[in-house]
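*Asks:* Quick one: the structure is below, and I'll ask about it shortly.
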Amino acid sequence: MKKSYIDIHCHPSLKPYGKSFKYTPTKQNNLNAGRKNSIWHYSPPNFIERQFNKLLTLTKFTQTDLTALAKADCNIVVISLYPFEKHFLKDKMLGVKFIPDLLVNLAAGVSQKRIDNLRNHNSYFQDLNDEYNFYKQLNNFAQVIDGITFTYRLVSNYTDISTNITTSTNNRKIISLVPTIEGAHAFETGLHKDKDTADETTVLKHIDTVKNWEHKPFFITLAHHFYNEICGHARSISIGLIKDNQNRGLNKDITPLGFKVIDKLLDDSDNKRILIDIKHMSTASRKTYYHLLETTYANQNIPIIVSHGAANGRRSIVEWDVSDSKFSKHFRQDDINIYDSEILRIAKSKGIFGLQLDERRIASRKAIASSRIYWPSKKRRYKNKSNLIWRQIRHIAELLDKNGLFCWETVAIGSDFDGIVNPIKGLWTAENLEDIKPYLIKKAEEYLNAYQSNLQPQNQISATEIIDRVLFINANEFLKTNFK
């Protein structure tokens, strides 16, 4: 199997599913890749769209449409189903209703019809099922790209992935899609911004329903942008006109309903456990979740997952203002990012940490500014931008090495592509991971030449293997071990 790359968190359907509301019937995944409501619709950024992104940080183009993934030669992709949260919208802003609609549509690249649907629907669980069905509509349907026949298949375990890999040929290739969910509001919580509306019986019933899907989700991101009555969330929105909608539940702990949801998700009866992704959880709820793993689930070897995140370079949730790394000044020190003590927990649990390819998360403003180029130079851009990624890899590796662990097996790619991100400039879509790979290998080579003797013997591996692990091997091994 060719080692392309595995993305453990992206949203291939967010834009085409959003566009599908413009057509009749709605929510249809079109096999014609020329239509914007097709998951195969290929729309890489043109010059104007790239400049638009640089100026306004908005990503209107597609990044992980299935055609882009095929061109990138990806054969395993972890997709995220996301019932779009209603609280991105307000009734009015500055006295005008269309302003929030415009902001959300510009940021997400969906359609006004989808925005209207968000305002009017009253069921996140129905929205979740509709997006899942959107994928199922073209499951195993053929699409010819550059003379090669591709299909995608939703998978239920790693055995399915292995079968798809062994049956793929040079002329007929299968992309395995591993389903996950972003946000436990999907089970019908957090519908009202200002009051609790969740019904415990309904929520737990919906979890049972999802556990019995033909393609059960591998993991779920428990929190997301807004309060979901299950646990508190971290600050993730900086846009002033929407930011206030995040205030309720911000930094709150796990709720009584949340404990029951976690117990239901982690129940491994009939091999139907759904793992938990800690991204977006508040520091209070993360601390409580770690305590649960150390007590209630102490003997169950549950891996800790960060599907799309970044290190903040700070020591711990408690010692949030202390840094042991010279790299902390290059990182965003927000508490949505992950502390060093948490990274150690992830590694010791044999978990996985997906690096989010979003400039707003992976680097400080100063680091981003120093990585900019002001004249066209692909080589210079990739050289500079690879620094933003390599610093994260190096920081995590040195932390784990210092604590006696194999330091290159924890980090993977969790791009969050198509998930309302501001991509690292030059890494516009899935296709650009191959472009930046040699620059990452060069960074690893330079590091090993200077510091390899400081690493423990087990961690003195080649630069190529380090980057292959980040791009492919670590995610593949994690899936092989845990996706059953």
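The values are calculated or read from the model by the stated rules, or taken from the named source; none is laboratory data. A quick note: this is a predicted structure, and the numbers were derived from the prediction, not measured. Cβ atoms come from the backbone with ideal geometry, glycine included; neighbour counts cover every protein chain shown. To get the accessible areas, we keep the full protein, side chains included, count just its heavy atoms, and leave off ligands, DNA and RNA. Shrake-Rupley method; radii C 1.70, N 1.55, O 1.52, S 1.80 Å.
*Asks:* List the chymotrypsin sites (Phe, Trp or Tyr not before Pro) within the range 184-272 that fall in a DSSP loop (any state other than H, G, I, E or B) and whose Cβ has at most 16 other Cβ atoms within 10 Å.
*Replies:* Answer by residue number: 213.
*Asks:* If you don't mind, another one. Mind checking the dipole of the range 1-85: about its Cα centre, +1 per Lys or Arg Cβ, -1 per Asp or Glu Cβ, Debye to the nearest 20? Kindly include the intermediate steps, with their values, before the conclusion.
*Replies:* Working: 12 positive and 5 negative charges, 46 e Å.
The calculation lands at about 220 debye.
*Asks:* Follow-up. Count the DSSP beta bridges whose two residues both fall in the chain, then state the antiparallel fraction as a percent rounded to the nearest 5.
*Replies:* Numbers: 6 of 35 bridges.
Of those bridges, close to 15 percent are antiparallel.
*Asks:* What is the spin-label model distance, in nm, from residue 113 to residue 23 if the labels are put 7 Å beyond Cα along the C-beta direction?
*Replies:* 0.9
*Asks:* Let's test the formula: R0 of 35 Å, r as the Cβ-Cβ distance of residue 244 and residue 299. What FRET efficiency results, to the nearest 0.05? Provide the component values of the computation, followed by the final result.
*Replies:* Values: r = 43 Å, r/R0 = 1.24.
Plugging the Cβ-Cβ distance into 1/(1 + (r/R0)^6) gives 0.20.
*Asks:* Go ahead and run the numbers for FRET between residue 32 and residue 324, Cβ-Cβ distance against an R0 of 51 Å, rounding to 0.05.
*Replies:* Using R0 = 51 Å, I get an efficiency of 0.40.
*Asks:* Of the options 185, 197, 436, report the single residue whose Cα projects farthest towards the positive end of the charge dipole of the chain (beta-carbon charges: Lys, Arg +1; Asp, Glu -1).
*Replies:* 436
*Asks:* Give me the percent relative contact order of the chain, please, defined on Cα pairs under 8 angstrom at least 6 residues apart. Before the final figure, lay out the partial values.
*Replies:* Numbers: 967 pairs, mean separation 80.2, N = 484.
This gives 17 percent for the chain.
*Asks:* Pull up all non-local amide H partners of residue 307: gap of 5 or more, or a different chain, and H-to-H distance under 5 Å with H placed in the peptide plane.
*Replies:* 278, 279, 354
*Asks:* Can you pull out the trypsin sites (Lys or Arg not before Pro) in the range 381-452 whose DSSP state is coil and whose Cβ has at most 14 other Cβ atoms within 10 Å? Kindly include the intermediate steps, with their values, before the conclusion.
*Replies:* Values: sites: 381, 383, 385, 391, 394, 402, 425, 442, 443; in loops: 425.
Sparse-neighbourhood loop trypsin sites (Lys or Arg not before Pro): none present.
*Asks:* With a/c under 1.5 counting as rounded, go ahead and sort the range 1-64 into rounded, prolate or oblate using the C-alpha gyration tensor (a ≥ b ≥ c being the square roots of the eigenvalues; past the cut-off, prolate if a/b is larger than b/c, else oblate).
*Replies:* On the way: a/c = 2.00, a/b = 1.14, b/c = 1.76.
Oblate shape, in that a/c is at least 1.5 and b/c is the bigger or equal ratio.
*Asks:* Solvent-accessible area per residue for the chain at a 1.4 Å probe radius, Å²? Show your work: numbers first, answer last.
*Replies:* Details: 19160 Å² over 484 residues.
Solvent-accessible surface per residue comes out at 40 Å².
*Asks:* Residue by residue through the range 294-311, which ³J(HN,Hα) values in whole Hz follow from phi under the Karplus form 6.51 cos²θ - 1.76 cosθ + 1.60 (θ = phi - 60°), with glycine and proline marked x?
*Replies:* 7, 10, 4, 10, 4, 9, 10, 6, 8, x, 8, 10, 10, 6, 7, x, 7, 6
*Asks:* Quote the charge dipole size of the range 174-270 about the Cα centre in Debye, to the nearest 20; the model charges only the Cβ of Lys and Arg (+1) and of Asp and Glu (-1).
*Replies:* Numbers: 11 positive and 15 negative charges, 83 e Å.
About 400 debye.
*Asks:* Please get the size of the charge dipole for the chain, origin at its Cα centre, with Cβ charges of +1 on Lys and Arg and -1 on Asp and Glu, quoted in debye to the nearest 20.
*Replies:* Magnitude of the dipole: close to 1600 debye.
*Asks:* Could you run the Karplus curve 6.51 cos²θ - 1.76 cosθ + 1.60 with θ = phi - 60° over the range 389-400 and give me ³J(HN,Hα) per residue in whole Hz, x for Gly and Pro?
*Replies:* Taking θ as phi minus 60°, the curve returns 7, 5, 4, 5, 4, 5, 4, 5, 5, 5, 4, 5 Hz for the range 389-400.
*Asks:* For the range 295-395, how big is Rg over Rh, using alpha carbon atoms and the Kirkwood form of Rh? Don't skip to the answer; put the middle values down first.
*Replies:* Numbers: Rg = 15.4 Å, Rh = 14.6 Å.
Result: Rg/Rh = 1.06.
*Asks:* Modelling each spin label as a point 7 Å along the Cα-to-Cβ direction, I'd like the residue 201/residue 380 distance in nm, to one decimal.
*Replies:* Each label point is offset 7 Å from its Cα along the Cβ direction, giving 6.7 nm.
*Asks:* Can you give the Rg and Dmax of the range 96-226 based on its C-alpha atoms, in angstrom?
*Replies:* 18.3, 56
*Asks:* Still on this structure, I have one more. If one computes P(r) from the Cα atoms of the range 343-484, what percent of pairs lie at distances over 23 Å? Write down the numbers at each step before the final one.
*Replies:* Numbers: 3460 of 10011 pairs.
More than 23 Å apart: 35 percent of the Cα pairs in the range 343-484.
*Asks:* If you don't mind, there's one more thing I want to ask. Among 346, 311, 274, whose Cα projects farthest towards the positive end of the dipole of the range 259-349, with charges put on the beta-carbon of Lys, Arg (+1) and Asp, Glu (-1)?
*Replies:* 311
*Asks:* Could you work out, for the range 194-337, what percent of all Cα-Cα pairs fall into each 10 Å distance bin, beginning at 0 Å and stopping at the bin that holds the largest distance?
*Replies:* Taking all Cα pairs of the range 194-337, the binned fractions are 11, 36, 36, 15, 3 percent.
*Asks:* From the Cα trace of the range 228-269, what convex hull volume per residue do you get, rounded to a whole Å³?
*Replies:* Values: hull volume 2.9 nm³, N = 42.
It is 69 Å³ per residue.
*Asks:* Work out Dmax and Rg for the range 161-230 from the C-alpha atoms and quote the Rg first, both in angstrom.
*Replies:* 17.1, 55
*Asks:* Still on this structure: Please list log₁₀ I(q)/I(0) at q = 0.12, 0.13 Å⁻¹ for the chain, using the Debye equation with identical point scatterers on the alpha-carbon positions.
*Replies:* -1.09, -1.31
*Asks:* Would you please give the residues with an amide H less than 5 Å from that of residue 338, counting only those at least 5 places away or on a separate chain, with H modeled from the backbone geometry?
*Replies:* Sorted by chain and number, the residues that satisfy this are 310, 311, 312.
*Asks:* Modelled label-to-label distance, residue 259 and residue 445, 7 Å Cα→beta-carbon offset: nm?
*Replies:* For the pair residue 259/residue 445, the computed spacing is 5.5 nm.
*Asks:* Here is a further query. What 222 nm value per residue comes from the helices of the chain, counting each DSSP H run with n ≥ 4 as -39,500 (n - 2.57) and dividing by all residues, nearest 500 deg cm²/dmol? Present the calculation step by step, with values, prior to reporting the outcome.
*Replies:* Values: 18 runs with 185 residues, N = 484.
Calculated at 222 nm, the ellipticity per residue is -11500 deg cm²/dmol.
*Asks:* If you roll a 1.4 Å probe over the range 172-235 with all protein chains in place, what percent of the accessible area is carbon or sulfur? Please list the in-between numbers first.
*Replies:* Numbers: 870 of 1960 Å².
Within the range 172-235, the accessible surface is 44 percent carbon and sulfur.
*Asks:* In addition: Nearest 0.05, what FRET efficiency do residue 47 and residue 334 give at R0 = 25 Å with Cβ-Cβ as r? All intermediate terms of the calculation are to be shown ahead of the outcome.
*Replies:* On the way: r = 32 Å, r/R0 = 1.29.
It comes to 0.20.
*Asks:* Still on this structure, I have one more. Give me the net charge of residue 464's neighbourhood, meaning all other residues with Cβ under 13 Å from the Cβ of residue 464; Lys, Arg count +1, Asp, Glu -1. Spell out each step's value before the answer.
*Replies:* On the way: positive: 3, 437, 442, 443, 469; negative: 445, 465, 468.
Once all neighbours under 13 Å are counted, the net charge is +2.
*Asks:* Could you list, in their original order, any pairs among 113/136; 136/279; 243/385 whose Cα atoms are separated by more than 25 Å? Intermediate values should be presented prior to the final figure.
*Replies:* Numbers: 113/136 22 Å; 136/279 27 Å; 243/385 28 Å.
The answer is 136/279; 243/385.
*Asks:* Sticking with this structure for a sec: For the range 119-201, which trypsin sites (Lys or Arg not before Pro) are in a loop by DSSP, counting at most 15 other Cβ atoms within 10 Å? Intermediate results must be reported in sequence, preceding the final value.
*Replies:* Numbers: sites: 119, 136, 153, 172, 173, 193, 195; in loops: 193, 195.
Of the trypsin sites (Lys or Arg not before Pro), the ones in loops of the range 119-201 whose Cβ has at most 15 other Cβ atoms within 10 Å are 195.
*Asks:* Now for a different question. Heavy atoms only, probe 1.4 Å: what % of the accessible area of the range 281-356 goes to carbon and sulfur, would you let me know?
*Replies:* Working: 1360 of 2940 Å².
So the carbon and sulfur contribution to the accessible surface is 46 percent.
*Asks:* So what J values fall out for the range 358-375 if you push phi through Karplus, 6.51 cos²θ - 1.76 cosθ + 1.60 with θ = phi - 60°, rounded to Hz, Gly and Pro as x?
*Replies:* So the J values, rounded to whole Hz, are 10, 4, 6, 10, 7, 8, 6, 4, 5, 5, 5, 4, 6, 8, 6, 10, 10, 8.
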